[in-house]
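Have a look at the structure below before the remarks.
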Amino acid sequence: MSKEIIRLEGIKKSYGQSEVLKGIDLSVKESEVVVLLGPSGTGKSTLLRCINMLTVPTEGHVWVDGQDLTAPKVNINKAREHLGMVFQEFNLFAHLKAIDNVAIGLTKVLGVKRADALERAKKELERVGLGDKLDLYPGQLSGGQKQRVAIARALAMDPEVMLFDEPTSALDPELIGEVLEVMQKLAQEGMTMVCVTHEMHFARRVANRIVFMEGGVIVEEGSPDEFFDHPKTERARQFLGKFNGQFD
Amino acid sequence: MQLTFDRIFTYLVPYLLGGISVTLSVSFFALMIGAVVGLLLAFLRVYGGRVVQILMTAFSAVFRALPHTVLLLLIYFVIAGSINISKYWAGTLSLAIISCVYQMEIFRAAIESVDYGQMMAARAIGMSQVKAIFYIIMPQALRRALPSWTNEAAGVIKASSLVYIIGVVEIMRLAQYEIARSRQPFAVYIAVALIYFVCVWLTSFVLRKVEKRLAIPDIS
(Lines give C-alpha, C1' and ligand atoms only; values in the text may rest on other atoms or scores of the structure.)
Protein backbone atom coordinates (compact mmCIF):
# COMPACT_ATOMS: atom_id res chain seq x y z
CA MET A 1 0.00 0.00 0.00
CA SER A 2 1.47 3.32 -1.04
CA LYS A 3 2.11 6.24 1.25
CA GLU A 4 -0.66 8.55 2.35
CA ILE A 5 0.13 12.13 1.34
CA ILE A 6 -2.97 14.06 2.30
CA ARG A 7 -5.34 13.34 5.12
CA LEU A 8 -8.28 15.56 5.95
CA GLU A 9 -10.18 14.92 9.16
CA GLY A 10 -13.50 16.46 10.08
CA ILE A 11 -12.99 19.60 7.96
CA LYS A 12 -15.62 22.24 8.57
CA LYS A 13 -15.70 25.73 7.18
CA SER A 14 -18.22 28.45 7.93
CA TYR A 15 -18.53 31.95 6.59
CA GLY A 16 -20.63 33.75 9.16
CA GLN A 17 -23.91 31.87 9.37
CA SER A 18 -23.44 29.66 6.34
CA GLU A 19 -21.59 26.41 6.73
CA VAL A 20 -19.86 25.56 3.45
CA LEU A 21 -18.09 22.40 4.57
CA LYS A 22 -19.85 20.20 7.10
CA GLY A 23 -17.25 17.70 8.19
CA ILE A 24 -15.14 16.19 5.42
CA ASP A 25 -12.78 13.23 5.74
CA LEU A 26 -10.53 12.46 2.82
CA SER A 27 -7.29 10.63 2.28
CA VAL A 28 -5.09 10.81 -0.81
CA LYS A 29 -2.25 8.41 -1.44
CA GLU A 30 0.92 8.92 -3.40
CA SER A 31 0.40 8.97 -7.20
CA GLU A 32 -3.34 8.91 -6.77
CA VAL A 33 -5.53 11.15 -8.92
CA VAL A 34 -8.66 12.20 -7.06
CA VAL A 35 -11.34 14.18 -8.85
CA LEU A 36 -13.86 16.17 -6.85
CA LEU A 37 -17.20 16.37 -8.61
CA GLY A 38 -20.45 18.01 -7.64
CA PRO A 39 -22.82 20.84 -8.41
CA SER A 40 -21.53 24.42 -8.17
CA GLY A 41 -21.42 25.95 -4.73
CA THR A 42 -21.07 22.69 -2.85
CA GLY A 43 -17.68 23.50 -1.34
CA LYS A 44 -15.32 21.65 -3.70
CA SER A 45 -13.04 24.62 -4.27
CA THR A 46 -13.20 25.57 -0.62
CA LEU A 47 -12.13 22.05 0.30
CA LEU A 48 -9.25 22.19 -2.17
CA ARG A 49 -8.10 25.48 -0.67
CA CYS A 50 -8.17 23.97 2.78
CA ILE A 51 -5.51 21.50 1.68
CA ASN A 52 -2.93 24.27 1.30
CA MET A 53 -4.61 26.45 3.88
CA LEU A 54 -5.38 29.31 1.50
CA THR A 55 -8.69 28.83 3.24
CA VAL A 56 -8.30 28.08 6.91
CA PRO A 57 -10.83 25.49 8.09
CA THR A 58 -13.03 26.46 11.01
CA GLU A 59 -12.63 22.96 12.44
CA GLY A 60 -10.73 19.80 11.64
CA HIS A 61 -7.21 18.80 10.72
CA VAL A 62 -5.19 18.84 7.50
CA TRP A 63 -2.20 16.55 7.33
CA VAL A 64 0.18 16.79 4.43
CA ASP A 65 3.02 14.31 4.41
CA GLY A 66 2.52 13.64 8.10
CA GLN A 67 2.57 17.29 9.11
CA ASP A 68 -0.53 18.81 10.69
CA LEU A 69 -0.96 22.13 8.87
CA THR A 70 -3.74 23.17 11.21
CA ALA A 71 -1.48 22.93 14.25
CA PRO A 72 -0.45 26.25 15.78
CA LYS A 73 2.92 27.71 14.74
CA VAL A 74 3.20 25.67 11.58
CA ASN A 75 5.36 27.38 8.95
CA ILE A 76 2.66 27.41 6.33
CA ASN A 77 4.83 29.12 3.69
CA LYS A 78 7.31 26.27 3.94
CA ALA A 79 4.54 23.69 3.63
CA ARG A 80 3.05 25.38 0.57
CA GLU A 81 6.34 25.23 -1.33
CA HIS A 82 5.55 21.67 -2.26
CA LEU A 83 1.81 21.94 -2.73
CA GLY A 84 1.35 23.14 -6.29
CA MET A 85 -1.89 24.92 -7.03
CA VAL A 86 -3.53 25.84 -10.33
CA PHE A 87 -6.39 28.31 -10.32
CA GLN A 88 -9.45 28.70 -12.48
CA GLU A 89 -8.44 32.27 -13.32
CA PHE A 90 -4.78 31.33 -13.94
CA ASN A 91 -3.48 34.14 -11.73
CA LEU A 92 -0.22 34.45 -13.60
CA PHE A 93 1.91 37.30 -12.28
CA ALA A 94 0.87 39.96 -14.77
CA HIS A 95 4.12 41.94 -14.70
CA LEU A 96 6.40 38.98 -15.38
CA LYS A 97 7.26 37.18 -18.59
CA ALA A 98 6.28 33.53 -18.82
CA ILE A 99 9.77 32.37 -17.89
CA ASP A 100 9.94 34.70 -14.88
CA ASN A 101 6.51 33.58 -13.73
CA VAL A 102 7.96 30.10 -13.44
CA ALA A 103 11.37 31.18 -12.09
CA ILE A 104 10.25 33.60 -9.38
CA GLY A 105 9.22 30.91 -6.93
CA LEU A 106 12.60 29.26 -7.35
CA THR A 107 14.59 32.44 -6.78
CA LYS A 108 12.50 34.23 -4.18
CA VAL A 109 11.11 31.27 -2.25
CA LEU A 110 13.63 28.45 -2.61
CA GLY A 111 16.68 30.71 -3.02
CA VAL A 112 17.88 29.10 -6.25
CA LYS A 113 20.41 31.16 -8.24
CA ARG A 114 18.79 33.13 -11.03
CA ALA A 115 20.68 31.46 -13.86
CA ASP A 116 19.76 27.99 -12.57
CA ALA A 117 16.18 29.07 -11.99
CA LEU A 118 15.84 30.32 -15.56
CA GLU A 119 17.29 27.07 -16.85
CA ARG A 120 14.77 25.09 -14.83
CA ALA A 121 11.91 27.42 -15.84
CA LYS A 122 12.78 26.90 -19.49
CA LYS A 123 12.63 23.13 -19.02
CA GLU A 124 9.26 23.30 -17.29
CA LEU A 125 7.80 25.50 -20.01
CA GLU A 126 9.10 23.11 -22.66
CA ARG A 127 7.47 20.29 -20.75
CA VAL A 128 4.06 21.96 -21.13
CA GLY A 129 4.76 22.74 -24.78
CA LEU A 130 5.57 26.43 -24.41
CA GLY A 131 9.29 26.45 -25.16
CA ASP A 132 8.71 29.16 -27.76
CA LYS A 133 6.75 31.52 -25.49
CA LEU A 134 9.35 32.14 -22.78
CA ASP A 135 9.55 35.90 -23.23
CA LEU A 136 5.88 36.70 -23.62
CA TYR A 137 3.87 38.41 -20.91
CA PRO A 138 0.63 36.84 -19.66
CA GLY A 139 -1.31 39.52 -21.52
CA GLN A 140 0.15 38.16 -24.77
CA LEU A 141 -0.85 34.54 -24.16
CA SER A 142 -4.10 32.73 -24.87
CA GLY A 143 -6.08 31.29 -21.96
CA GLY A 144 -4.84 27.77 -22.57
CA GLN A 145 -1.25 28.97 -22.76
CA LYS A 146 -1.69 30.97 -19.56
CA GLN A 147 -2.98 27.92 -17.76
CA ARG A 148 -0.07 25.82 -18.98
CA VAL A 149 2.37 28.47 -17.72
CA ALA A 150 0.54 28.31 -14.40
CA ILE A 151 1.01 24.54 -14.33
CA ALA A 152 4.71 24.96 -15.16
CA ARG A 153 5.01 27.52 -12.37
CA ALA A 154 3.65 25.01 -9.89
CA LEU A 155 5.73 22.13 -11.26
CA ALA A 156 8.97 24.08 -10.99
CA MET A 157 8.66 23.92 -7.21
CA ASP A 158 8.85 20.10 -7.30
CA PRO A 159 5.45 19.65 -5.72
CA GLU A 160 4.46 16.45 -4.00
CA VAL A 161 0.85 17.18 -4.81
CA MET A 162 -0.83 19.26 -7.48
CA LEU A 163 -4.16 20.88 -6.64
CA PHE A 164 -6.28 21.92 -9.61
CA ASP A 165 -9.17 24.29 -8.97
CA GLU A 166 -11.42 24.11 -12.05
CA PRO A 167 -8.42 24.63 -14.35
CA THR A 168 -10.45 24.65 -17.56
CA SER A 169 -13.63 26.45 -16.46
CA ALA A 170 -12.46 29.86 -17.67
CA LEU A 171 -11.25 28.59 -21.04
CA ASP A 172 -12.83 28.72 -24.44
CA PRO A 173 -13.93 25.21 -25.43
CA GLU A 174 -11.24 24.84 -28.10
CA LEU A 175 -8.49 25.57 -25.56
CA ILE A 176 -9.57 23.06 -22.93
CA GLY A 177 -7.94 20.10 -24.64
CA GLU A 178 -4.38 21.40 -24.46
CA VAL A 179 -4.66 21.89 -20.69
CA LEU A 180 -6.29 18.52 -20.03
CA GLU A 181 -3.58 16.88 -22.11
CA VAL A 182 -0.86 18.34 -19.88
CA MET A 183 -2.78 17.20 -16.80
CA GLN A 184 -3.22 13.72 -18.15
CA LYS A 185 0.49 13.48 -18.90
CA LEU A 186 1.24 14.57 -15.35
CA ALA A 187 -1.05 11.90 -13.98
CA GLN A 188 0.63 9.24 -16.10
CA GLU A 189 4.02 10.36 -14.77
CA GLY A 190 2.76 9.53 -11.29
CA MET A 191 1.97 12.96 -9.92
CA THR A 192 -0.41 12.98 -6.98
CA MET A 193 -3.33 15.15 -7.99
CA VAL A 194 -6.53 16.51 -6.53
CA CYS A 195 -8.73 18.14 -9.17
CA VAL A 196 -11.97 20.04 -9.04
CA THR A 197 -13.41 19.92 -12.52
CA HIS A 198 -16.53 19.65 -14.58
CA GLU A 199 -14.76 17.73 -17.37
CA MET A 200 -16.46 14.37 -17.08
CA HIS A 201 -14.45 12.69 -19.84
CA PHE A 202 -11.24 13.72 -18.13
CA ALA A 203 -12.53 12.54 -14.76
CA ARG A 204 -13.50 9.18 -16.10
CA ARG A 205 -10.30 8.63 -18.06
CA VAL A 206 -7.69 9.97 -15.65
CA ALA A 207 -9.05 9.70 -12.11
CA ASN A 208 -8.31 6.79 -9.80
CA ARG A 209 -11.09 7.90 -7.55
CA ILE A 210 -14.13 10.13 -7.83
CA VAL A 211 -15.32 12.03 -4.80
CA PHE A 212 -18.84 13.38 -5.24
CA MET A 213 -19.77 16.30 -3.01
CA GLU A 214 -23.00 18.09 -2.43
CA GLY A 215 -24.06 20.58 0.24
CA GLY A 216 -20.71 20.53 1.99
CA VAL A 217 -20.49 16.78 2.53
CA ILE A 218 -19.09 13.86 0.59
CA VAL A 219 -22.09 12.00 -0.77
CA GLU A 220 -20.37 9.23 -2.63
CA GLU A 221 -16.88 7.95 -3.39
CA GLY A 222 -15.63 5.31 -5.73
CA SER A 223 -13.70 4.30 -8.82
CA PRO A 224 -14.66 6.17 -12.01
CA ASP A 225 -16.32 3.07 -13.48
CA GLU A 226 -18.38 2.47 -10.36
CA PHE A 227 -19.36 6.08 -10.09
CA PHE A 228 -20.25 6.77 -13.69
CA ASP A 229 -21.86 3.40 -14.50
CA HIS A 230 -23.46 2.48 -11.19
CA PRO A 231 -23.85 5.56 -9.00
CA LYS A 232 -25.07 4.42 -5.60
CA THR A 233 -26.97 7.52 -4.55
CA GLU A 234 -29.93 9.27 -6.03
CA ARG A 235 -28.13 12.62 -5.87
CA ALA A 236 -25.21 11.33 -7.89
CA ARG A 237 -27.63 9.91 -10.46
CA GLN A 238 -29.37 13.27 -10.75
CA PHE A 239 -26.04 15.06 -11.11
CA LEU A 240 -24.81 12.68 -13.78
CA GLY A 241 -28.13 12.95 -15.59
CA LYS A 242 -27.38 16.58 -16.34
CA PHE A 243 -24.19 15.56 -18.10
CA ASN A 244 -25.77 12.81 -20.17
CA GLY A 245 -25.15 14.76 -23.34
CA GLN A 246 -21.43 14.34 -22.77
CA PHE A 247 -21.57 10.54 -22.92
CA ASP A 248 -22.14 8.64 -26.10
CA MET B 1 13.90 101.71 -14.52
CA GLN B 2 11.78 100.80 -17.51
CA LEU B 3 10.69 97.17 -17.62
CA THR B 4 8.71 95.90 -20.60
CA PHE B 5 7.55 92.58 -22.03
CA ASP B 6 10.49 92.28 -24.39
CA ARG B 7 12.74 92.18 -21.33
CA ILE B 8 10.98 89.11 -19.97
CA PHE B 9 13.40 86.76 -21.67
CA THR B 10 16.50 88.90 -21.51
CA TYR B 11 16.22 89.95 -17.88
CA LEU B 12 13.28 88.62 -15.87
CA VAL B 13 13.45 84.92 -16.63
CA PRO B 14 17.23 84.66 -16.07
CA TYR B 15 16.85 86.58 -12.81
CA LEU B 16 14.00 84.37 -11.54
CA LEU B 17 15.82 81.20 -12.56
CA GLY B 18 18.19 82.04 -9.71
CA GLY B 19 15.51 80.40 -7.52
CA ILE B 20 14.87 77.35 -9.59
CA SER B 21 17.27 75.04 -7.80
CA VAL B 22 15.44 75.75 -4.54
CA THR B 23 12.01 75.31 -6.16
CA LEU B 24 13.00 72.04 -7.75
CA SER B 25 14.86 70.62 -4.77
CA VAL B 26 12.05 71.48 -2.34
CA SER B 27 9.60 69.79 -4.72
CA PHE B 28 11.87 66.80 -5.23
CA PHE B 29 12.44 66.13 -1.54
CA ALA B 30 8.77 66.70 -0.72
CA LEU B 31 7.75 64.24 -3.42
CA MET B 32 10.30 61.62 -2.42
CA ILE B 33 9.54 61.77 1.29
CA GLY B 34 5.86 61.70 0.39
CA ALA B 35 6.37 58.70 -1.88
CA VAL B 36 8.30 56.57 0.61
CA VAL B 37 6.02 57.35 3.54
CA GLY B 38 2.88 57.37 1.39
CA LEU B 39 3.64 53.95 -0.05
CA LEU B 40 4.34 52.51 3.37
CA LEU B 41 1.12 53.95 4.79
CA ALA B 42 -0.83 52.71 1.78
CA PHE B 43 0.32 49.14 2.40
CA LEU B 44 -0.50 49.51 6.09
CA ARG B 45 -3.92 50.80 5.20
CA VAL B 46 -4.64 47.92 2.83
CA TYR B 47 -3.04 45.05 4.73
CA GLY B 48 -2.97 46.38 8.29
CA GLY B 49 -5.48 45.46 10.94
CA ARG B 50 -8.70 47.31 11.53
CA VAL B 51 -7.19 49.76 14.01
CA VAL B 52 -4.37 50.67 11.61
CA GLN B 53 -6.88 51.17 8.83
CA ILE B 54 -8.98 53.54 10.92
CA LEU B 55 -5.88 55.48 11.97
CA MET B 56 -4.74 55.83 8.36
CA THR B 57 -8.16 56.95 7.20
CA ALA B 58 -8.30 59.59 9.93
CA PHE B 59 -4.75 60.75 9.21
CA SER B 60 -5.60 61.09 5.55
CA ALA B 61 -8.85 62.97 6.21
CA VAL B 62 -7.16 65.50 8.51
CA PHE B 63 -4.23 66.36 6.28
CA ARG B 64 -6.25 66.49 3.11
CA ALA B 65 -8.51 69.05 4.74
CA LEU B 66 -5.61 71.29 5.83
CA PRO B 67 -4.62 74.16 3.49
CA HIS B 68 -0.95 74.19 2.55
CA THR B 69 -0.48 77.66 3.95
CA VAL B 70 -1.89 76.72 7.33
CA LEU B 71 0.36 73.67 7.71
CA LEU B 72 3.33 75.64 6.44
CA LEU B 73 2.88 78.39 9.02
CA LEU B 74 2.10 75.90 11.76
CA ILE B 75 5.24 73.93 11.11
CA TYR B 76 7.41 76.98 10.66
CA PHE B 77 6.24 79.02 13.64
CA VAL B 78 5.31 76.27 16.07
CA ILE B 79 7.41 73.22 15.36
CA ALA B 80 10.49 74.71 13.71
CA GLY B 81 10.80 77.04 16.68
CA SER B 82 11.12 74.21 19.15
CA ILE B 83 13.20 71.68 17.21
CA ASN B 84 15.27 74.18 15.28
CA ILE B 85 14.98 73.23 11.64
CA SER B 86 15.61 75.67 8.82
CA LYS B 87 12.95 77.47 6.77
CA TYR B 88 13.97 75.32 3.85
CA TRP B 89 13.24 72.06 5.64
CA ALA B 90 10.14 73.40 7.40
CA GLY B 91 8.76 74.24 3.96
CA THR B 92 9.82 70.95 2.43
CA LEU B 93 8.41 68.97 5.32
CA SER B 94 5.00 70.61 5.23
CA LEU B 95 4.73 69.99 1.49
CA ALA B 96 5.88 66.41 2.08
CA ILE B 97 3.24 65.75 4.73
CA ILE B 98 0.37 66.88 2.56
CA SER B 99 1.75 65.15 -0.52
CA CYS B 100 2.19 62.01 1.55
CA VAL B 101 -1.54 61.67 2.23
CA TYR B 102 -2.42 62.26 -1.41
CA GLN B 103 0.19 59.73 -2.48
CA MET B 104 -1.14 57.30 0.10
CA GLU B 105 -4.54 57.55 -1.58
CA ILE B 106 -2.99 57.10 -5.03
CA PHE B 107 -1.01 54.04 -3.94
CA ARG B 108 -3.91 52.59 -1.98
CA ALA B 109 -6.17 52.72 -5.01
CA ALA B 110 -3.42 51.16 -7.14
CA ILE B 111 -2.79 48.35 -4.65
CA GLU B 112 -6.48 47.61 -4.34
CA SER B 113 -6.80 47.49 -8.12
CA VAL B 114 -4.37 44.56 -8.33
CA ASP B 115 -6.45 41.41 -8.58
CA TYR B 116 -6.66 39.42 -5.35
CA GLY B 117 -5.71 36.29 -7.28
CA GLN B 118 -2.17 37.67 -7.59
CA MET B 119 -1.74 37.55 -3.83
CA MET B 120 -3.30 34.09 -3.66
CA ALA B 121 -1.03 32.71 -6.36
CA ALA B 122 2.01 34.19 -4.64
CA ARG B 123 1.03 32.68 -1.29
CA ALA B 124 0.29 29.36 -2.98
CA ILE B 125 3.90 28.99 -4.14
CA GLY B 126 5.08 29.62 -0.60
CA MET B 127 5.75 33.36 -0.54
CA SER B 128 5.23 35.12 2.75
CA GLN B 129 2.83 38.06 2.65
CA VAL B 130 5.74 40.50 2.77
CA LYS B 131 7.52 38.83 -0.15
CA ALA B 132 4.28 38.69 -2.12
CA ILE B 133 3.72 42.41 -1.55
CA PHE B 134 7.29 43.24 -2.50
CA TYR B 135 7.76 41.04 -5.55
CA ILE B 136 4.24 40.69 -6.92
CA ILE B 137 1.85 43.39 -5.72
CA MET B 138 4.15 46.42 -5.59
CA PRO B 139 5.60 46.21 -9.11
CA GLN B 140 2.09 46.08 -10.52
CA ALA B 141 0.63 48.72 -8.21
CA LEU B 142 3.43 51.21 -8.91
CA ARG B 143 2.89 50.93 -12.64
CA ARG B 144 -0.79 51.57 -12.20
CA ALA B 145 -0.12 54.49 -9.86
CA LEU B 146 2.21 56.29 -12.24
CA PRO B 147 -0.36 58.35 -14.23
CA SER B 148 -1.93 59.73 -11.05
CA TRP B 149 1.49 60.16 -9.53
CA THR B 150 2.49 62.38 -12.44
CA ASN B 151 -0.41 64.69 -11.54
CA GLU B 152 0.70 64.74 -7.94
CA ALA B 153 4.27 65.65 -8.98
CA ALA B 154 2.91 68.59 -10.97
CA GLY B 155 0.79 69.60 -7.97
CA VAL B 156 3.76 69.57 -5.60
CA ILE B 157 5.92 71.67 -7.94
CA LYS B 158 3.19 74.27 -8.09
CA ALA B 159 2.50 74.10 -4.35
CA SER B 160 6.19 74.67 -3.66
CA SER B 161 5.61 78.27 -4.71
CA LEU B 162 3.91 78.74 -1.32
CA VAL B 163 7.07 78.32 0.74
CA TYR B 164 8.00 81.94 -0.09
CA ILE B 165 5.57 83.03 2.65
CA ILE B 166 7.97 81.77 5.32
CA GLY B 167 10.91 83.43 3.53
CA VAL B 168 12.45 80.60 1.55
CA VAL B 169 14.17 82.21 -1.42
CA GLU B 170 12.83 80.44 -4.48
CA ILE B 171 11.20 81.64 -7.68
CA MET B 172 8.16 83.29 -6.08
CA ARG B 173 10.31 85.04 -3.47
CA LEU B 174 12.57 86.46 -6.16
CA ALA B 175 9.46 87.56 -8.00
CA GLN B 176 8.34 89.53 -4.92
CA TYR B 177 11.74 91.25 -4.74
CA GLU B 178 11.59 92.14 -8.41
CA ILE B 179 8.05 93.51 -8.16
CA ALA B 180 9.05 95.66 -5.20
CA ARG B 181 11.90 97.04 -7.29
CA SER B 182 10.25 97.51 -10.65
CA ARG B 183 6.54 97.76 -9.87
CA GLN B 184 5.81 95.66 -12.92
CA PRO B 185 3.80 92.77 -11.42
CA PHE B 186 2.22 91.78 -14.69
CA ALA B 187 5.49 91.17 -16.53
CA VAL B 188 7.02 89.44 -13.52
CA TYR B 189 4.12 87.07 -12.98
CA ILE B 190 4.06 86.23 -16.68
CA ALA B 191 7.72 85.28 -16.38
CA VAL B 192 6.97 83.21 -13.25
CA ALA B 193 4.11 81.45 -15.02
CA LEU B 194 6.36 80.63 -17.96
CA ILE B 195 8.97 79.04 -15.71
CA TYR B 196 6.40 76.93 -13.84
CA PHE B 197 4.81 75.87 -17.08
CA VAL B 198 8.12 74.61 -18.44
CA CYS B 199 8.98 72.81 -15.17
CA VAL B 200 5.63 71.05 -14.93
CA TRP B 201 5.51 70.23 -18.62
CA LEU B 202 9.01 68.75 -18.60
CA THR B 203 8.30 66.71 -15.47
CA SER B 204 5.09 65.32 -16.96
CA PHE B 205 6.87 64.60 -20.22
CA VAL B 206 9.65 62.65 -18.51
CA LEU B 207 7.21 60.72 -16.31
CA ARG B 208 5.06 59.80 -19.29
CA LYS B 209 8.20 58.46 -20.97
CA VAL B 210 8.93 56.40 -17.88
CA GLU B 211 5.34 55.15 -17.90
CA LYS B 212 5.66 54.01 -21.52
CA ARG B 213 9.00 52.40 -20.88
CA LEU B 214 7.68 50.38 -17.95
CA ALA B 215 4.43 49.50 -19.65
CA ILE B 216 3.54 45.83 -19.81
CA PRO B 217 0.79 44.34 -21.95
CA ASP B 218 -2.45 43.98 -20.01
CA ILE B 219 -1.47 46.06 -16.98
CA SER B 220 -2.94 49.54 -16.53
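The values are calculated or read from the model by the stated rules, or taken from the named source; none is laboratory data. These numbers come from a predicted model, not from an experiment. Because the Cβ atoms are built from the backbone with ideal geometry, glycine has one as well, and the counts that use them run over all protein chains shown. Protein only, heavy atoms only, side chains kept; ligands, DNA and RNA dropped before computing areas. Shrake-Rupley method; radii C 1.70, N 1.55, O 1.52, S 1.80 Å.
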* Out of A:Leu175, A:Leu83, A:Leu48, any idea which swings most in a Gaussian network model of chain A, alpha carbons joined below 10 Å? -> A:Leu175
* Acute angle (nearest 10 degrees) that the helix B:50-65 long axis makes with the longest principal axis of chain B, alpha-carbon atoms -> 20
* Structure fact -> Excluding residues fewer than 8 positions from A:Lys22 in its own chain, the lysines with Cα under 30 Å of it are A:Lys3, A:Lys12, A:Lys13, A:Lys44, A:Lys73, A:Lys78, A:Lys232, A:Lys242
* Structure fact -> Calculated from DSSP helices alone, with each H run of at least 4 adding -39500 (n - 2.57) and the total divided by the residues of chain A, [θ]222 nm to the nearest 500 comes to -9500 deg cm²/dmol
* Structure fact -> Quick P(r) readout (the protein assembly as shown; Cα-Cα; 10 Å bins; whole %) gives 4, 17, 21, 18, 13, 11, 8, 5, 2, 1, 0
* Asked: Relative to a virtual label point 7 Å from the Cα of B:Phe9 in the Cα→beta-carbon direction, which members of segment B:190-210 show backbone nitrogen distances below 18 Å?
  -> B:190-199
* Return the lysines within reach of A:Lys97: Cα separation strictly under 20 angstrom, same-chain partners fewer than 8 residues apart disregarded; answer none if there are no such residues. => A:Lys108, A:Lys113, A:Lys122, A:Lys123, A:Lys133, A:Lys146, B:Lys131, B:Lys212
* **Student exercise, chain A dipole from Lys, Arg, Asp, Glu Cβ charges, in Debye to nearest 20** => 640
* Cα shape, segment B:171-220, gyration tensor, a/c 1.5 rule -> prolate
* **Between 0 and 90°, nearest 10: helix B:20-47 axis offset from chain B longest Cα axis** => 20
* Obtain the nm distance between the two label points defined at B:Arg181 and A:Glu30 by a simple spin-label model: each point lies 7 Å from its Cα along the Cα-to-C-beta direction. => 8.8
* Asked: Which of the aspartates and glutamates could a cross-linker span from B:Lys87 if the Cα-Cα distance has to be under 12 Å and same-chain partners fewer than 8 positions apart are dropped?
  -> B:Glu170
* Which percent, nearest 5, of DSSP beta bridges in chain A are antiparallel? -> 55
* Tensor-based shape of chain B (alpha-carbon gyration tensor, a/c under 1.5 rounded, otherwise prolate or oblate) -> oblate
* Structure fact -> Measuring from its Cα centre, segment B:64-220 shows a charge dipole (+1 at each Lys and Arg Cβ, -1 at each Asp and Glu Cβ) which, in debye to the nearest 20, is 220
* Cβ-placed point charges (K, R +1; D, E -1), dipole of segment A:108-198 about Cα centre in debye, nearest 20 -> 420
* Percent of beta bridges antiparallel (DSSP, the protein assembly as shown, rounded to nearest 5) -> 55
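Quickly estimate the mean residue ellipticity at 222 nm for chain B, helices only: each DSSP H run with n ≥ 4 gives -39500 (n - 2.57), and the total goes over all residues, rounded to 500. List each step's numbers first, then the result.
On the way: 11 runs with 163 residues, N = 220.
Mean residue ellipticity, 222 nm, calculated: -24000 deg cm²/dmol.
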* Computed E for B:Tyr189/B:Leu66 - FRET, C-beta separation, R0 25 angstrom, nearest 0.05 -> 0.40
* Structure fact -> Contact-by-burial set, segment A:63-83, min loss 30 Å², accessible area of protein heavy atoms with 1.4 Å probe, reference chain alone, gives A:Asn77, A:Arg80
* May I ask which residue of B:Ile137, B:Cys100, A:Gln184 lies farthest towards the positive end of the charge dipole of the protein assembly as shown, with charges of +1 (Lys, Arg) and -1 (Asp, Glu) on Cβ and the Cα centre as origin? => B:Cys100
* Structure fact -> The helix B:87-113 Cα axis meets the longest alpha-carbon principal axis of chain B at an angle in degrees, between 0 and 90 and rounded to 10, of 40
